[in-house]
Number of protein chains: 2
Amino acid sequence: MKVGISVAEAQQIVLDACQVLGCETVASVDALGRVLAAPVISRRTLPPADCSAMDGYAVRVEDLSGASESAPVELFVVYEVAAGGKGERPLIAGEAARIFTGAPIPPGADTVVVQEDTSARGDKVEIRIVPQPGENIREAGEDIRRGDAVLEAGTLLGPAHLGVLASLGRSLVQVHQRPIVAILSGGDELVDPDGDAAGGRIVSSNTYSLAAQCREVGAEPINLGIARDSPEDLERLLRNGLRADFLVSSAGVSVGDHDYVRPVLEKLGCRLLFWGVLMKPGYPLAFGRFEQGEGPLVFGLPGNPVSAMVTFEQYIRPAIRKATGHSAWFRPVVRARLTETLTKKAGRLHFVRVQLAERNGRIEATSTGNQSSGVLRSMTLAHGLMVFPADATEMKAGAEVCVQVIDEQFFASTESGV
Amino acid sequence: MKVGISVAEAQQIVLDACQVLGCETVASVDALGRVLAAPVISRRTLPPADCSAMDGYAVRVEDLSGASESAPVELFVVYEVAAGGKGERPLIAGEAARIFTGAPIPPGADTVVVQEDTSARGDKVEIRIVPQPGENIREAGEDIRRGDAVLEAGTLLGPAHLGVLASLGRSLVQVHQRPIVAILSGGDELVDPDGDAAGGRIVSSNTYSLAAQCREVGAEPINLGIARDSPEDLERLLRNGLRADFLVSSAGVSVGDHDYVRPVLEKLGCRLLFWGVLMKPGYPLAFGRFEQGEGPLVFGLPGNPVSAMVTFEQYIRPAIRKATGHSAWFRPVVRARLTETLTKKAGRLHFVRVQLAERNGRIEATSTGNQSSGVLRSMTLAHGLMVFPADATEMKAGAEVCVQVIDEQFFASTESGV
């Protein structure tokens, strides 16, 4: 087991240990936000035939030579074709067909004149222009051809993708499974949110923030409850989580003498790969796995509420994204200008909670203030986590810094951009 | 009714007509992504008492004058305090208490020495430093004080907010209601995804892309089905949607002679505020409301799949965000460098589907190619919609352009930033 490693090394170990989950078949209408596990090959051509891109008249170009505003050419309108309909018979010299957007081009016609360039006169139409062949015609297969790999494996399914699946007649789709994350807290001092928080007891809020972090990234959390400070109780709850893909234990605030988590995990067959990461908040992080992958990846998180959330962000969230089939595993990273000078001791990488603001086209980062890992409220104010590198001792006001954006609403705009 | 207005004017009319929805009480654990309708005032102080920030020993500073590495001071360890516990009795001269992170500071003690600066010797401890008063103590109320407005109305609830609600013992929370959006398609040529798409019939894919666009922004879609091209059938379906907050009809691909939507809407009592917006794709957009607000806001969208999605983005999505209580109603807008020269006629604002890429710290925008409004597949490739202003006829390669980011996965990173 490695002890006291860097953040980058810890991320590498976690992501290397994490496997992409297999696939499942789900209803396309429920597949928003899922990641395709197999390419979608079209069995249809769309549009299925050449069709009109406008409302107007399907005509034969050769009938219209010399047509102009002052000398329009008159054609007989022999039938009408609506979308979903078809031309009754081939057009011959001197004939036109009324046609609507999406309707198939009737045989014989080779162009469509939009209705603005025409005048209807009873069963005839006057055409005032000489069109180009193929004008206002959408060719068969313009959108999709039979046999096309329309969507690639690894694609995140958004609204347009679900529209495409519908247009291909695919009511089912193969996507990657979503990880199950079992979460437990440990500590005699912890109570449920409905519990009695008098006498120094505190609510196991980590369970709820971690479960929401899971949901936000598309994983399925299971709340295993609170383990008392005894190896037996801890083992009982941990065993309940062995069927999950990730097992996340957040200690009570007490580490040290009261910490039974590591020995119990080892008893269950979990091999710890590292303990302790050179970061703040979040040093006392443990990570382990079962031999031959016969169990979940196991994360022992620190108990302080900010430490628990920040370690989730750095290690568990990217692992969930990898497991779910995403290709970009990390939060958006932006460059920002620091508005104040910050100092620390060398040795640990600090994740500084910051608020972001855009001013004159540049992003500015300002600390949320008190960086105590007990101040969960500061996480409700933070747009991002600023990276204060391990070796650095000072970052000056005005310096360009790297910020992981954890509140993506920061990007939303109050202006439409038009 | 206004005809042929600008995109900006149309957005203004829609957003002015849209009301913020009232509130509902939901379980806090289910409130991820909801918007607070009322401030959350704390009835607790957290931490409830001064407590230790570290594992170590609670001591009296006055006992330790002169303590050093070479001349440690020895104290009696008279009891132990764990998180959730309490000091048995006040400490007196020469006494210390073993203390763990989160545990309340015992009476008499005024500082905590971390265990790294001590050595345990049976029932005694050697202290090797002279601490400052108050060191390693988290003051009562450092996170939250009773009476604090911890979360403001209008706050989007993320994982940290749900953690705070749990720590305050709030299992219920008041949030804005989510809009119901009734969606129907119209056209004899349309079939369901399971239907027979032979003979020029096409799947009503708009229903599925629009429903997913609703879900993505937190609204609840209702699929009313496909109306045949008759006023009676259209009226029957539209009536089914009158209980919704938004009623969205996407025409069949056919507009013009076959368009019964507007007269039927007017018959039902809906007053159209505008028809036709100077944009491409998406000109034939209608918007109406019922007198005295006794019905949904009504959107008549064009039938082409890209037009339907783009008009949803410009008008319905911001309206849903306003109705849901958000303050930033629009997609992220980024400045990008255009990689190719684009041209068009003056008159309509074009929303050009573009792919975005970051290169040397700058964002580059490249058209997805064929901008036909029938090519839904192009929407699956687009990261954003580039604004090509109404009056402009050319945007040169290298120009700085405005892009609405519709695929926010564009921001996700392949690097962690550490």
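Every number here is computed from the coordinates shown, using simple stated rules; none is lab data. In this text the structure is predicted, and so the values were computed from the model without any measurement. No Cβ is skipped: glycine too gets one built from the backbone with ideal geometry, and neighbour counts run over all protein chains shown.
Would you order A:C214, A:C18, B:C23 from fewest to most other beta-carbon atoms within 10 Å of each residue's own beta-carbon?
By the 10 Å Cβ count, ascending, the order reads B:C23, A:C18, A:C214.
Which order results if A:D194, A:D245 are arranged by neighbouring Cβ count within 10 Å, fewest first?
Least crowded to most crowded, the residues run A:D194, A:D245.
Compute and list, largest first, the equivalent-ellipsoid semi-axes of the stretch A:172-267 from the alpha carbon gyration tensor, each √(5λ) rounded to a whole angstrom.
Equivalent ellipsoid of the stretch A:172-267: 26, 17, 9 Å, largest first.
For a label point 7 Å from the Cα of B:E152 along Cα→C-beta, name the residues of the stretch A:380-418 whose backbone N is under 15 Å from it.
A:380-383, A:410
Cut-off under 14 Å on the C-alpha distance; same-chain residues fewer than 8 positions from A:K322 excluded. Which aspartates and glutamates are left, in chain and number order?
Within the straight-line limit of under 14 Å, A:K322 reaches these aspartates and glutamates: A:D16, A:D245, A:E313, B:E415.
With a sphere of radius 14 Å drawn around the Cβ of B:G369, what net charge do the other residues whose Cβ falls strictly inside it have (Lys, Arg +1; Asp, Glu -1)?
Every neighbour counted, the sum reads -1.
Which loop GluC sites (Glu not before Pro) in the stretch A:262-331, with loop taken from DSSP, have no more than 10 other Cβ atoms within 10 angstrom of their Cβ?
Answer in residue order: A:E294.
Note down the relative contact order for chain A as a percent, whole number, built from C-alpha pairs under 8 angstrom at least six residues apart.
The value is 16 percent.
How crowded by other chains is B:187-200, given as the mean number of beta carbons from other chains within 10 Å of each beta carbon?
Mean partner-chain Cβ count within 10 Å for B:187-200: 5.
Where does the charge balance sit around A:V61 when Lys and Arg score +1, Asp and Glu -1, over other residues with C-beta under 10 Å from its C-beta?
That sum, taken over residues with Cβ under 10 Å, equals -3.
Grab the beta carbon distance between B:E415 and A:A93, set R0 = 56 Å, and tell me the FRET efficiency rounded to 0.05.
0.25
Can you put A:T380, B:T45, A:T393 in order, fewest other beta carbons within 10 Å first?
A:T393, B:T45, A:T380
Within the stretch A:275-373, report the trypsin sites (Lys or Arg not before Pro) that DSSP leaves as loop and that have at most 14 other Cβ atoms within 10 Å.
The qualifying sites are A:K345.
Using only the alpha carbon atoms of the stretch B:1-154, find the Kirkwood hydrodynamic radius as the inverse mean reciprocal pair distance, in angstroms to one decimal.
Its Kirkwood hydrodynamic radius stands at 19.4 Å.
Tell me the angle of helix A:205-216 to the major Cα principal axis of chain A, expressed in degrees between 0 and 90 and rounded to the nearest ten.
Computed tilt is about 20 degrees.
Percent of Cα-Cα pairs per 5 Å bin, from 0 to the last occupied bin, for the stretch B:259-314, please list those.
4, 20, 29, 21, 17, 8, 1
Taking every Cα atom in the protein assembly as shown, find the radius of gyration and the maximum pairwise distance Dmax, and write them in Å.
In order Rg, Dmax, the Cα atoms of the protein assembly as shown give 32.2, 115 Å.
Taking a virtual spin label 7 Å from the Cα of A:D123 along the C-beta vector, which residues in the stretch A:70-84 bring their backbone nitrogen under 19 Å of it?
A:74-82, by backbone N distance to the label point.
Taking just the C-alpha trace of the stretch A:79-225, give me its Rg and Dmax in Å.
When restricted to Cα atoms, the stretch A:79-225 yields Rg and Dmax of 30.8, 96 Å.
Non-local amide H neighbours of A:L151 (under 5 Å, H modeled in plane, Pro and chain starts lacking H): which ones?
Hits under the 5 Å cutoff: A:V40.
How about the stretch A:32-81: which GluC sites (Glu not before Pro) there are in a DSSP loop, with at most 13 other Cβ atoms within 10 Å of their Cβ?
Counting only loop positions with at most 13 other Cβ atoms within 10 Å, the GluC sites (Glu not before Pro) in the stretch A:32-81 are A:E69.
Put a point 7 Å out from Cα along the line to Cβ at B:N360; what are the distances to that point in the other copies, in nm, shortest first?
Nearest to farthest, the other copies are at 2.4 nm.
How big is D, in µm² s⁻¹, for chain A by Stokes-Einstein at 20 °C and 1.002 mPa s if Rh is the Kirkwood radius over C-alpha pairs?
So the translational diffusion coefficient is about 82 µm²/s.
Put the label 7 Å from Cα along Cα→Cβ for B:D16; what are its distances to the other copies, in nanometres, shortest first?
6.3
About the Cα centre of chain A, what is the dipole size in debye to 20, counting +1 per Lys and Arg Cβ and -1 per Asp and Glu Cβ, all else neutral?
1300
With the Cα gyration tensor of the stretch A:196-345 in hand, convert its eigenvalues to equivalent ellipsoid semi-axes via √(5λ) and list them largest first in whole Å.
After scaling each eigenvalue by five and taking roots: 26, 21, 16 Å.
Give me the base-10 log of I(q)/I(0) for the stretch A:51-138 at each q in 0.11, 0.14, 0.15, 0.26 Å⁻¹, Debye formula, one uniform scatterer per Cα, rounded to two decimals.
For the requested q values the scattering log ratios are -0.23, -0.37, -0.43, -1.39.
For B:K396, which lysines qualify as cross-link partners when the Cα separation must be under 30 Å and same-chain residues fewer than eight apart are set aside?
Of all the lysines, those that pass the test against B:K396 - Cα under 30 Å, at least 8 places apart if same chain - are B:K280, B:K344, B:K345.
Give the long-range amide H neighbours of A:K2: residues separated by 5 or more places, or on another chain, with amide H under 5 Å away, using H modelled in the peptide plane at 1.01 Å from N.
A:F274, A:W275
For the protein assembly as shown, build the charge dipole from Cβ charges (+1 Lys, Arg; -1 Asp, Glu) around the Cα centre, then report which of B:L184, A:A71, B:T324 sits farthest towards its positive end.
Positive-most Cα among the choices belongs to A:A71.
Can you tell me the dipole magnitude for the stretch B:51-138 around its Cα centre, using point charges on the Cβ only (Lys, Arg +1; Asp, Glu -1), in Debye to the nearest 20?
240
How many partner chain Cβ atoms sit within 10 Å of a residue's Cβ in peptide B:402-412, on average, as a whole number?
5
Report the net charge of residues surrounding A:P179, where surrounding means a beta-carbon distance below 9 angstrom and charges are Lys +1, Arg +1, Asp -1, Glu -1.
Taking every Cβ under 9 Å from that of A:P179, the sum is -1.
222 nm [θ] for the protein assembly as shown, helices only, -39500 (n - 2.57) per DSSP H run of 4+, per residue, to 500?
Theoretical 222 nm ellipticity from helices: -4500 deg cm²/dmol.
Output wanted: per-residue J couplings in Hz (rounded whole) for the stretch A:289-297, from phi through Karplus 6.51 cos²θ - 1.76 cosθ + 1.60, θ = phi - 60°, x for Gly and Pro.
Values per residue, Gly and Pro as x: 9, 8, 4, 6, x, 8, x, x, 6 Hz.
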